[in-house]
Amino acid sequence: MQKEDFFGRWVTLKKTDQIMIEDETCFVKKDALKVQKNTIICNRCKQRTIKQRAFLPNQQYYCPACIMLGRLTTQHILYTIEEPNHFFDISNPLTWEGELSQNQLRCSKKVVQIQQNNKDLLLWAVTGAGKTEILFAGLAAAFKQHKRVCIASPRVDVCNELYPRLKAAFACTTMALLHGYQTEKYEYTQLVICTTHQLLRFKNAFDMLIIDEVDAFPFKGDTMLLNAVSSARKPVSSLIMLTATPTHFLRSQVRKKKLAVEYLPSRYHGYELPVPKLIIRSKWLKELQKGKICNNIRKTINTWIDSGAPFLIFVSRIDFLKDVNIVIEKFIKGRCVGETVFSADKERIEKVQKMRDGDFQYLVTTTILERGVTFAGLNVLVLGADDELFNSASLVQIAGRVGRSTQCPGGDVVFLCSRKKRNVVNARKQIVALNLKGKNKK
Amino acid sequence: MNYCLMCQGRINEYFDFAWVLSLQQPRKSFLCKNCHNNFMILINHPNCPGCGRRMNKKELCVDCKKWEKIYDDLLGNTALYEYNEAMKTYFERFKFMGDYYYFNIFNEELKAVIQKKYSKGWLYVPIPLSFQSFQIRMFNQVEALFSGLKLTDLLVVKSGEKIQQSKLNRRERLTMSQPFILNTHSGVKVEATNIVLLDDIYTTGRTLYHAAIIMKNAGAREIKSITLAR
């Protein structure tokens, strides 16, 4: 085990193991679990568990909350070395050559400034605004100052997509990609791209922490992961949260002036976000179960098929997928091909790839495709948008799939619901408000 | 409030009239209905009398016919559930991540089955764990699953032997040599006793038949087995 592995990071060893490095003075040492009268507290994830849930038969205890990162028991000790920021000098870390729009430039300057002053920032950028490019200037400035940076996201696919882009933009900077499905060994790097769970392994490591899609599952409302963020960053550090749909809590923080905010209300190509069209039909579900589709929807699907544009159909539950697909297939009568996709689908990645390649014209899917996917010239139909499983954030995200490319910035977003419910109205309101803001900023 | 151990969702409990009249304590459940249905129950279905695998008719499967040629008596294994995706994720969490608490999910059921089928005059012998595995896991998963029963440690793993079968393929498993020896310090007489071998998963049957030979050579009269999954 190398000394670098301990920099700003918890390394777990059993009490019986000995560390090979001579000078023990630089290590910070901690018992993995704190045992109290009725509960145990884990020193890695700071979660409290009742003893009954956490006992092992040999009078030991373990922490079930962070067990997916490797089990910690009362026989383990956590070691760390304070982050020394041992990085090479790079005179010009940014190897990306591209241009930012005026709005992007404004946000980019703000990020640099926040990074300089070690403050927190919410970057409220609409879907398809080009968020990653905005960060580049700030990252470059941080790397020059030997700062250690982390970009974390609750979603693995987002991390996987970010890594090659950053690798291309900062060719000389050392970077690592960490997530649960990875087998590569950990290495000490200046930039870490990881899932939010991996933050639990770090301790006072980062001078700049960026969280992409802060409002996504499982980060949203998870106290363990919130703790992970505050303990992974240094006491003096900057935190930048990126999202298109901030949670109620974040918005209230902004309103109370506790959190700085920067809006990026228009897309990089300058066109407006497509505003969803509501179709209200109280008995659509019953009709669908009988194999009927209402006229409005028929017309829109017909126009999509005739123009050859790809489209996604979102449903709220996995059980609906099959029934909906049967009805749609019957209606389409072989004019185009499509499939169903859900989270546990084994061919999920291949099906999405086929959609990208144009082999499928449509997919029937659940909320798994609400973020992080881009198809050119897409149209979207949401069946039962008033279902409680679609909150307004996911509806905004779904609408944000449409019109992301410069070639076809338009597209249809249709919400079919049985009645006007708050989530649908709010989602529409948010989109309209962002469009208005975008117009004013120009 | 109860939460499902497999999906972390809430468990809706039904309190009906019959339950109120029965004056029973509410039974603590660990799985929601949906997750429970993901596990395929094998008993009460036609299955192979040798290993407990699911069959169309009640007859010996191909593998058990081979075992029958090598050993005279088959184990007559009772398996509660099929080893499917849900069972795989269960063992991933329980055995390999080491979440000991998960033994609760099947503990009651296993105890009920064993007490119904082999109630009196049987010794319950769990398949042991190698020293190295025990060091890492810090519990024996078989003893955990069957905890609450009076278990007799008649078997030990030979020192230096490591049985991590999950990393082997089928042929490698079948050609494995005898990993067990009789525990001479147990103080229990094996001669002329009936024995039920307990294990977590029956895959090829190799482990259980290795254990059965040791018991047979020590003089056991009848040998059966119970596993959670097949």
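The values are calculated or read from the model by the stated rules, or taken from the named source; none is laboratory data. These numbers come from a predicted model, not from an experiment. So basically every Cβ, Gly included, is an ideal-geometry build from the backbone, and we count neighbours across all protein chains shown. Accessible surface areas use protein heavy atoms only, side chains included; no ligands, DNA or RNA. Shrake-Rupley method; radii C 1.70, N 1.55, O 1.52, S 1.80 Å.
Loop-resident GluC sites (Glu not before Pro) (DSSP state other than H, G, I, E or B) in region A:85-167 with no more than 15 further Cβ atoms inside 10 Å of their Cβ: A:E97, A:E99. In a DSSP loop and with at most 11 other Cβ atoms within 10 Å, there are no chymotrypsin sites (Phe, Trp or Tyr not before Pro) in region A:285-345. Pairs from the list A:K46/A:K203; B:K120/B:K150; B:K111/B:K150; A:K30/A:K203 with a Cα-Cα gap above 18 Å: there are none.
Ordering B:Q24, A:V11, B:I213 by the projection of their Cα atoms onto the charge dipole of the protein assembly as shown, which places +1 on the Cβ of Lys and Arg and -1 on the Cβ of Asp and Glu, puts B:Q24 at the extreme positive end.
Helical content alone sets the calculated 222 nm signal of chain A at -9500 deg cm²/dmol, taking -39,500 (n - 2.57) per DSSP H segment of four or more residues and averaging over every residue. For region A:125-214, the alpha-carbon radius of gyration amounts to 1.02 times the rule-of-thumb value 2.2 N^0.38 Å expected for a compact globular protein. Amide H contacts of A:T340: A:V364, each under 5 Å away and 5 or more positions distant or on a separate chain (H built 1.01 Å from N in the peptide plane; Pro and chain starts excluded).
For chain A, the longest principal axis of the Cα atoms and the long axis of helix A:348-357 meet at an angle of about 50 degrees. Chain A and chain B together bury an accessible surface of about 1200 square angstrom, both sides counted, with a 1.4 Å probe and no ligands or nucleic acids included.
With θ taken as phi - 60° and the Karplus curve 6.51 cos²θ - 1.76 cosθ + 1.60 applied, the whole-hertz 3J(HN,Hα) list for region A:162-174 is 5, 4, x, 5, 6, 4, 6, 7, 10, 5, 8, 7, 6 Hz, x standing for glycine and proline. Under 15 Å of direct C-alpha separation, and excluding same-chain neighbours fewer than eight residues apart, A:K441 reaches these aspartates and glutamates: A:E262, A:E272. Remark on chain A: A:C26, A:C107, A:C150, A:C159, A:C172, A:C194, A:C294, A:C336, A:C408, A:C417 stand apart, with no other cysteine beta carbon under 4.7 Å. Here region A:182-240 has an Rg and Dmax of 11.5, 32 Å, counting Cα atoms alone. For the protein assembly as shown, the residue among B:N2, A:M175, B:Y101 whose Cα projects farthest onto the positive side of the dipole built from Cβ charges is B:N2. A Stokes-Einstein calculation at 37 °C with viscosity 0.692 mPa s, built on the Kirkwood radius of the protein assembly as shown over Cα pairs, returns a diffusion coefficient of 113 µm²/s.
Hydrodynamic estimate: the Kirkwood radius of chain B over Cα pairs, inserted into Stokes-Einstein at 4 °C and 1.567 mPa s, corresponds to D of 68 µm²/s. Note on region A:81-96 and region A:162-228: Cα centroid distance 17 Å, given to the nearest whole angstrom. Kirkwood's formula applied to the C-alpha pairs of region B:1-75 gives a hydrodynamic radius of 16.0 angstrom. May I ask for the distance between the Cα centers of region A:385-426 and region B:50-100, given as a whole number of Å? Centre-to-centre distance over Cα atoms comes out at 49 Å.
Rolling a 1.4 Å sphere over the protein heavy atoms, what is the accessible area per residue of chain A, to the nearest Å²?
I get 48 Å² per residue for this part.
At 1.4 Å probe radius, can you tell me the per residue accessible area of region B:1-83 in Å²?
Value returned for region B:1-83: 71 Å² of accessible area per residue.
Relative contact order of chain A: 15 percent, from C-alpha pairs under 8 Å at least 6 residues apart in sequence. 3J(HN,Hα) couplings calculated from phi for region A:127-134 with the Karplus curve 6.51 cos²θ - 1.76 cosθ + 1.60 (θ = phi - 60°) are, in sequence order, 5, x, 8, x, 5, 4, 5, 4 Hz; Gly and Pro show x. Taking all protein chains together, B:E85, A:E213, B:E68 sort by accessible area into B:E85, B:E68, A:E213, largest first [probe 1.4 Å].
Each of the chymotrypsin sites (Phe, Trp or Tyr not before Pro) that DSSP puts in a loop and that has at most 16 other Cβ atoms within 10 Å breaks chain B; the longest unbroken stretch is B:72-230.
Net charge within 13 Å of A:P274 by Cβ-Cβ distance, Lys/Arg positive one each and Asp/Glu negative one each, not counting A:P274 itself?
Taking every other residue near A:P274 into account, the sum is +3.
Candidate cross-link partners of A:K439 among the lysines, defined by an alpha-carbon separation under 25 Å and a same-chain spacing of 8 or more, comprise A:K109, A:K110, A:K131, A:K257, A:K277, A:K429. Taking every alpha-carbon pair under 8 Å whose residues sit at least 6 apart, chain B reaches a relative contact order of 19 percent. The trypsin sites (Lys or Arg not before Pro) of region B:1-86 that meet both conditions, a loop assignment by DSSP and at most 12 other Cβ atoms within 10 Å of the site Cβ, are B:R27, B:K28, B:K57, B:K58.
Partner lysines whose Cα lies under 22 Å from the Cα of A:K330, excluding those fewer than 8 positions away in the same chain, are identified as A:K283, A:K286, A:K290, A:K292, A:K299, A:K322, A:K351, A:K354. In region A:317-442, the convex hull through the Cα atoms has an average projected area of 8.7 nm², a quarter of its surface area. When +1 charges are put on Lys and Arg Cβ atoms and -1 charges on Asp and Glu Cβ atoms, the dipole computed for region A:277-441 relative to its Cα centre reaches about 780 debye. What a 1.4 Å probe finds exposed on chain A is 51% carbon and sulfur by accessible area, rounded to a whole percent. Across region A:102-264, C-alpha contacts under 8 Å between residues 6 or more apart give a mean separation that, scaled by the residue count, equals a relative contact order of 34 percent.
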